[in-house]
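The values are calculated or read from the model by the stated rules, or taken from the named source; none is laboratory data. Worth saying up front: this structure is predicted, and the values here are computed from it rather than measured. Positions of Cβ are backbone-derived with ideal geometry, glycine not excepted, and every protein chain shown enters the neighbour counts. Note: areas computed on protein heavy atoms with side chains; ligands, DNA, RNA excluded. Shrake-Rupley method; radii C 1.70, N 1.55, O 1.52, S 1.80 Å.
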Amino acid sequence: MTTTENTSITFKEILEKYKGQTVVLDVWASWCGDCIKGMPKVKALQEQFPDATYLFISMDKKYEAWLKGIAKYKVKGEHYLTSDGMKGVFGKSIKLDWIPRYMVIDKDGKIALFKVIEADDDKLIE
C-alpha cells in the first residue's frame, strides 16, 4: 500500500500502527458513486463515535486521483492506497466484491465486523 506521503507500507504495518484502538475501516475509491453517496453517513458515524480511528483504504488506480478525492470529499481520517486494486492481494484477502465496504477491527487487532456496505448499518453502529 501507499501512504499520502507516497511511501510504501504493508497492511500489517498499518494495523500495528493502530493497535489498541478501535478502527473503522472504509474501503472506497474517489470514482465510486456509492462511496461518495455514503460519505455523509461516514461523517455522521465519525461524529457519533469520535474516539474510533477511521482508516480509509482506497481502490483508486492513480495516486493523484486518490489525493484529489480525499480533498474534494473532505474525507477525514487515516488514508492508504492499494497498489493492485479490488482484485489484488488486499481485495482478495477481505473477499472484496463491492465498495464501499466497512469493517471494524477491535482494540486487540481482531476483526469485530467483517462486512457491511452501509455506514449506518446497525451492525456497524453496534
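Quick look at the values:
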read-out	value
Qualifying positions in region 1-31 - surrounded by 14 or more Cβ atoms within 10 Å (Cβ to Cβ), in a loop (DSSP other than H, G, I, E, B) and out of contact with any helix residue (DSSP H, G or I) (no Cβ under 9 Å at 6 or more places or on another chain)	TYR18, GLN21, THR22
Candidate set: region 50-72, residues that are assigned to a loop (DSSP other than H, G, I, E, B) and in contact (Cβ under 8 Å) with a residue 12 or more places away in the chain; chosen: the one most open to solvent (accessible area, probe 1.4 Å)	LYS61
Filter result (acidic (Asp, Glu) and touching a Gly at 6+ places or on another chain (Cβ under 9 Å)) within region 52-73	ASP60
Test result for GLY38, assigned to a helix (DSSP H, G or I), open to solvent by less than 50 Å² (accessible area, probe 1.4 Å), within 20 Å of THR3 (Cα to Cα) and modelled with pLDDT of 95 or more	no
Residues located in region 90-105, provided they are surrounded by fewer than 12 Cβ atoms within 10 Å (Cβ to Cβ) and either outside any loop (DSSP other than H, G, I, E, B) or of a type in the set (Gly, Ala, Ser) (or both)	LYS92, SER93
Verdict on ASP120 being surrounded by 13 or more Cβ atoms within 10 Å (Cβ to Cβ) and assigned to a loop (DSSP other than H, G, I, E, B)	yes
Enumeration of residues in region 74-88 that are of a type outside the set (Ser, Thr, Tyr), buried (at least 19 other Cβ atoms within 10 Å of the Cβ) and more than 21 Å from LYS41 (Cβ to Cβ)	LEU81
